[in-house]
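Participant: One structure, pasted below without further comment.
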Amino acid sequence: METRKLQEVGGGTYTVSIPKEWATTHGFEVGMELRLYTHRDGSLLVRSSDADVNCLNEATVDVDGGGADAVERAVRTAHAVGFETITLHRTGAFSDAERRAARSTVRGLVGTNILSESDAEITIRHLLDTSSVSVRQLIVQLQYVVVALLRDATDAFVDAADTHTSIRDRADEARRSAEMVTRHFSRSLISHAELDALGVSRPDLFAYSVLASRLKAVADLAVRIASTGEKLPEPLSGGTAADVCAVADDVAGAVDDAVTAVLNGDEETVHAARRRCDEATEGVEAIEQALYDGAVSGTVPEAVALADALSTLRQTVNCGRRMADTAARTAIRAENADTCIRA
């Protein structure tokens, strides 16, 4: 790292010299117009182009030969990268199935619409203004939806209830919120302006991105638990149902505490979240042991379904534990960064 002194020239203008070798390497020449970007973290970025601003404006994606699945993948991938306008292109005309896939996928993306369609092109535009988005609030909403979803999915499982469709619909809601966070994080890797518009630091946005991914996984696991209930010929017996609901409540609480630990960023909350995860794991293991010991009565299909549900709850706890690990890293970084700044 080199240092330079800030100097004042005529008219109250400040200047900082640029090392000649660095300027030559990067193609800077005398008289070249440079672009200066200031950011909320106090940094100043000097660039010779506006690539930072415009490179995510639009993308054209060829979808020849892949059918409806290729159309859906292309839309989701380009949207997740962060492009504002996405044009799907193919040789020849889109089939009816491909057009339906594009429309269905776009309906599932927040703030996105189809602008135009022709025989060989479909143009999609993301219309939501970044400055109107609160990523932290998205995580809080996602936390609430997913924790409630996990508890409701377990209730559906023990009751052998046919609520799979409603559970899946709510999981899709969680997925849409998670994809929004992923999109903004992806854009921030290229555009400093994205961070400024969101009003968050890059480390915080990275942590939120990890949370969104884990919470989406928990939502998928909740759907699996509800689906497992379809294998039950009848509701679980009262004692077993109560035990499963109790341990599922502990698992949901562990996930809830882990997310809160990331949002709060203090080590005390991190330790509490990890303890909750350990307690939830012990609860799952206790029921599994009782099942394998034959202490849980029921038919073979009931035992298989219960074992599957418990395995899924264990995976859910692991998601919570990984979120708690993210919280620990966030807390350590924040504490030491504060110490460095004070020093």
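Participant: For A174, state whether it is among the small types (G, A, S), in contact with a Lys or Arg (Cβ under 9 Å, 6 or more places away or on another chain), assigned to a helix (DSSP H, G or I) and modelled with pLDDT of 85 or more.
Facilitator: Details: among the small types (G, A, S): yes; in contact with a Lys or Arg (Cβ under 9 Å, 6 or more places away or on another chain): yes; assigned to a helix (DSSP H, G or I): yes; modelled with pLDDT of 85 or more: yes.
Judged against the criteria, A174 is a match.
Participant: Mind counting the residues in the stretch 173-184 that are under 11 Å from L205 (Cβ atoms) and crowded, with 20+ Cβ neighbours inside 10 Å?
Facilitator: Going through the stretch 173-184, the residues under 11 Å from L205 (Cβ atoms) turn out to be 181-182, 184.
Checking which are crowded, with 20+ Cβ neighbours inside 10 Å leaves us with 181, 184.
Residues in the stretch 173-184 being under 11 Å from L205 (Cβ atoms) and crowded, with 20+ Cβ neighbours inside 10 Å: 2 in total.
Participant: Sticking with this structure for a sec: Of all residues in the stretch 182-218, which are part of a helix (DSSP H, G or I), of a type in the set (S, T, N, Q) and farther than 13 Å from L142 by Cβ? Even if it seems obvious, please write down each step before you answer.
Facilitator: Kept after step one, since they are part of a helix (DSSP H, G or I), are these residues of the stretch 182-218: 182-188, 192-198, 202-218.
Applying the additional criterion that residues be of a type in the set (S, T, N, Q) yields 182, 186, 188, 209, 213.
Residues satisfying the conditions are S186, S188.
Participant: Taking into account only those residues within the stretch 289-311 that are under 34 Å from the mean Cα position of the chain (by Cα) and in contact (Cβ under 8 Å) with a residue 24 or more places away in the chain, which is farthest from D204 (Cα to Cα)?
Facilitator: V304
For (1) under 24 Å from the mean Cα position of the chain (by Cα); (2) closer than 30 Å to D172 by Cα, each residue gets a yes or a no:
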residue	(1), (2)
A78	yes, yes
T85	yes, yes
H89	no, yes
A93	no, no
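Participant: Scan the stretch 284-309 for residues that are in a helix (DSSP H, G or I) and either on the phi > 0 side of the Ramachandran plot or buried (at least 21 other Cβ atoms within 10 Å of the Cβ) (or both) and jot them down. Full working, then the answer.
Facilitator: Kept after step one, since they are in a helix (DSSP H, G or I), are these residues of the stretch 284-309: 284-292, 300-309.
Of everything in the stretch 284-309, those that are in a helix (DSSP H, G or I) and either on the phi > 0 side of the Ramachandran plot or buried (at least 21 other Cβ atoms within 10 Å of the Cβ) (or both) turn out to be V284, I287, E302, A305, L306, A309.
Participant: Within the stretch 219-237, does at least one residue satisfy the condition of being part of a loop (DSSP other than H, G, I, E, B), of a type outside the set (F, W, Y) and farther than 23 Å from I167 by Cα? Break it down into steps so the answer makes sense when it comes.
Facilitator: Step one: filter the stretch 219-237 for residues part of a loop (DSSP other than H, G, I, E, B), giving 232-237.
Add one more test, that the residue is of a type outside the set (F, W, Y), and what stays is 232-237.
Filter again for farther than 23 Å from I167 by Cα, leaving none.
No.
Participant: In addition: Can you say whether R314 is basic (K, R) and without any contact (Cβ under 8 Å) to a residue 40 or more places away in the chain, as far as the supplied structure shows? Working first, answer last.
Facilitator: Values: basic (K, R): yes; without any contact (Cβ under 8 Å) to a residue 40 or more places away in the chain: yes.
Yes.
Participant: Here is a follow-up. Hey, among R170, R187, R151, R224, which residue is of a type in the set (D, E, K, R), touching a helix residue (DSSP H, G or I) at 6+ places or on another chain (Cβ under 8 Å), surrounded by 15 or more Cβ atoms within 10 Å (Cβ to Cβ) and within 22 Å of F83 (Cα to Cα)?
Facilitator: The conditions single out R187.
Participant: Moving on. Would you check which residues across the stretch 123-142 are crowded, with 16+ Cβ neighbours inside 10 Å and either more than 21 Å from S177 (Cβ to Cβ) or β-branched (V, I, T) (or both) and list them?
Facilitator: T123, I124, T130, V133, V135, I139
Participant: Can you tell me which of G67, G42, G12 is more than 35 Å from the chain's Cα centre (by Cα) and surrounded by fewer than 14 Cβ atoms within 10 Å (Cβ to Cβ)? Before you say what the answer is, go through the steps one by one.
Facilitator: Working: G67 fails: more than 35 Å from the chain's Cα centre (by Cα); G42 fails: more than 35 Å from the chain's Cα centre (by Cα).
The match here is G12.
Participant: Among A242, A219, which is surrounded by fewer than 17 Cβ atoms within 10 Å (Cβ to Cβ) and assigned by TED's automatic domain parsing to the domain that holds T312?
Facilitator: Details: A219 fails: surrounded by fewer than 17 Cβ atoms within 10 Å (Cβ to Cβ).
When all the criteria are applied, what remains is A242.
Participant: Looking at (1) touching a residue at least 40 places away in the same chain (Cβ under 8 Å); (2) part of a helix (DSSP H, G or I); (3) hydroxyl-bearing (S, T, Y), which is the only condition Y37 fails?
Facilitator: For Y37, the failing item is (2).
Participant: Looking at (1) touching a residue at least 40 places away in the same chain (Cβ under 8 Å); (2) closer than 30 Å to N57 by Cα; (3) out of contact with any Leu (no Cβ under 9 Å at 6 or more places or on another chain); (4) buried (at least 17 other Cβ atoms within 10 Å of the Cβ), find the lone condition where S209 falls short.
Facilitator: For S209, the failing item is (1).
Participant: A further question follows. Given A97, A160, A120, A93, which one is touching a residue at least 12 places away in the same chain (Cβ under 8 Å), surrounded by 16 or more Cβ atoms within 10 Å (Cβ to Cβ) and not charged (D, E, K, R)?
Facilitator: A160
The values are calculated or read from the model by the stated rules, or taken from the named source; none is laboratory data. As the structure is a computational prediction, the values presented were derived from the model and not from experiment. Ideal geometry is used to build each Cβ from the backbone, glycine not excepted, and the neighbour counts take in all protein chains shown.
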